[in-house]
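The values are calculated or read from the model by the stated rules, or taken from the named source; none is laboratory data. None of the values given here were measured: they were computed from a predicted structure. Cβ coordinates were reconstructed from backbone atoms using ideal geometry, including for glycine residues, and neighbour counts include every protein chain displayed.
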Amino acid sequence: MATNDPQYRPEDRQTIVCLYCGKPQEVAKRAMTVTCKFCSKPLRLEDIVVKAYQARRTIDTCGIVVIEKKGQIVSDKILCGGMVVRGQVKGAIVSRGPMLVGPEAEVRGDVTAPTVAIGLGAVLSGFYKVGQKEIAVQQHVPDFAVSPELTSPASPPKPQPPAPQPALAQRPTPPRPTLPPRPPNI
């Protein structure tokens, strides 16, 4: 859309970040799905609300995934813009926004998110990576492109020389006992 178009209004646009290549792009606020301009992968923009049991291979959305109290999700991986868990989740979770876990929730699987808020009494099981830099380097999505501003440190790390190994005390080995000769067989 051109900026001189009378139908164009900046408040009708939103900026999203692609789940796969990590590049930001502007889309219409009313859009439900778009194709990434950079990696050509489909992106779902709407929020997902789970109120009952669902088993899926993947759940991918730039919106928020909400699992209600009686909701259960079993999935290989969940890529989302944010997550609210009040029910049960089993699977690897990569969230670009905050993850909120309710007091009676159950989360089983590895979680990567910039922030995680956990209610008292929640059941958690898995490996948790919390912080903005951990989102860019993930193992669950091999084709995920890493944005340079998240991974380039301010100064390159200096290689550390190997630490000297402490010398092991050499104990003299005791001599092997000699056995008496064997009597001949008759």
Matching residues in segment 97-110 - criterion: being under 21 Å from Asp60 (Cβ atoms) and either modelled with pLDDT under 95 or not β-branched (Val, Ile, Thr) (or both):
Gly97, Pro98, Met99, Leu100, Arg108, Gly109, Asp110
Given the condition within 16 Å of Cys18 (Cβ to Cβ) and within 13 Å of the chain's Cα centre (by Cα), answer yes or no: does some residue in segment 96-111 qualify?
yes
Output the number of residues of segment 33-71 satisfying the condition of being under 21 Å from the mean Cα position of the chain (by Cα) and either outside any loop (DSSP other than H, G, I, E, B) or over 17 Å from Thr15 (Cα atoms) (or both).
17
Any chance Gln25 is over 27 Å from Gly126 (Cβ atoms) and in a strand (DSSP E or B):
yes
Could you list, in sequence order, all residues of segment 19-57 that are modelled with pLDDT of 90 or more, surrounded by 14 or more Cβ atoms within 10 Å (Cβ to Cβ), closer than 17 Å to Leu79 by Cα and hydrophobic (A, V, I, L, M, F, W, C)?
Val34, Cys36, Cys39, Leu43, Leu45, Ile48, Val50
Just need a number here: residues in segment 72-93 that are assigned to a loop (DSSP other than H, G, I, E, B) and either under 15 Å from the mean Cα position of the chain (by Cα) or free of Cβ contacts under 8 Å to residues at least 12 places away in the same chain (or both).
1
For Tyr8, the lone unmet condition from (1) aromatic (Phe, Trp, Tyr); (2) at pLDDT below 90; (3) under 26 Å from Gln132 (Cβ atoms) is (3)
